[in-house]
Amino acid sequence: MASSDISVDIRPDINSFDHFLSMRYIATDRPWLKLYGIRVQPVPPFSSLSYKPDPALIHHCLPDELMLEIFTRMSPYTLGRAACVCRKWKYTARNPTLWRAACLKTWQVSVFDFVIQFHVLMFSSIQFYVVKRSGMEANYMMVRSLYDSSWRRMWLQRPRIRIDGLYVSRNTYIHTGVTEWQFKKTVNVVCYYRYLRFFPSGKFLYKVPIHNSHISPDKVKDAVKCMHFRASKADCVFKGDYVLSEDGQIEMALLYPGHRYTLVRMHLRLRGTTVGANNRLDVLKILTTGVNATELQNWKGSILELVEGWEEDETHDPDVPAVSHSRGLSPFVFVPFEEADTSVLNLPVEKMDYYVPG
């Protein structure tokens, strides 16, 4: 009998336990594969011809008109979180009336240069005229010409300052103490905060650290309580004016009251970690300069209009020189009011010595 006529199974015996160990890495458990082939009926938009009542219990209790009324009373931050609940809420949150109200409330002080083109038949030439619009009219013209009449796209793509929370800057530095017995030198990690709260009217509140609280600085949850609509000298909260350009540049100015008036000018850049977040403020420049008291008494406009055209090293008080600060320029991080108590910026230096804004 030839050897080719005999078929021998030469596969080695595999232990059941070894086979189980190998299958752990070869065949990974993927539960979502069970969803393949199952048709999920999409929910049509509200007021559509193919719209049918939703069998969910909350949608039985609340009609669509009442649900839309609840959504109109939400803040944009809460509206975005509600859109992640279910598909029907996602379609409801995309109602243009919701985002139109949010845009008009945010950009109350808005200026738009509208270019009008005229064709002169007599001279066969084209002439351009620039018409300046402001306020609500500027927002309507801007959403038509730049954002395809989509208020939601305008909300996501246009630079805006968030008013539903605080911008917090956490600064730390190392301070060398007095040498003790010539054997060791004390080194302290000093932490202090800067807070900014903006309002849609072009005003902002600025809180600086108190001199005797550098060891135990104010936390975010404590700063929210004192940064209301009015400034308080006892809490070191001051009021100023700001203006936001369309490229995300912010010009700010505020006045320190005291024996000699000190004018603070800040140049910031607005950016976001994701599209439409606008949750970071990069500090480009901080300038302090002097101002004449007589000039302030006769001035009736805003502080920004007073310093318009000033040079960086210009001062109107010889006793207060112009200084460009190079320390304490950590970016501002946005913290919503809902997360003021749980933010990581409340951690002490013992648990977080340095914070990376990102």
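Some observations on this one:
- Scan of region 279-301 for residues that are surrounded by fewer than 16 Cβ atoms within 10 Å (Cβ to Cβ) and more than 17 Å from PHE204 (Cβ to Cβ), ordered by number: ASN292, ALA293, THR294, GLU295, LEU296, GLN297, ASN298, TRP299, LYS300
- Within this structure, TYR206 passes the test of being in a strand (DSSP E or B) and modelled with pLDDT of 90 or more.
- Some residue of region 64-84 being at pLDDT below 85 and either outside the structural domain of PHE199 (by TED's automatic domain parsing) or buried (at least 16 other Cβ atoms within 10 Å of the Cβ) (or both): yes
- Any hit, region 321-344, residues being in contact (Cβ under 8 Å) with a residue 24 or more places away in the chain, farther than 26 Å from TYR193 by Cβ and in contact with a strand residue (DSSP E or B) (Cβ under 9 Å, 6 or more places away or on another chain): yes
- Yes/no for LEU304 being crowded, with 18+ Cβ neighbours inside 10 Å and either touching a strand residue (DSSP E or B) at 6+ places or on another chain (Cβ under 9 Å) or part of a strand (DSSP E or B) (or both): no
The values are calculated or read from the model by the stated rules, or taken from the named source; none is laboratory data. Because the structure is predicted, anything quoted here is derived from the model rather than measured. Cβ: placed from backbone, ideal geometry, glycine included. Neighbour counts: every protein chain shown.
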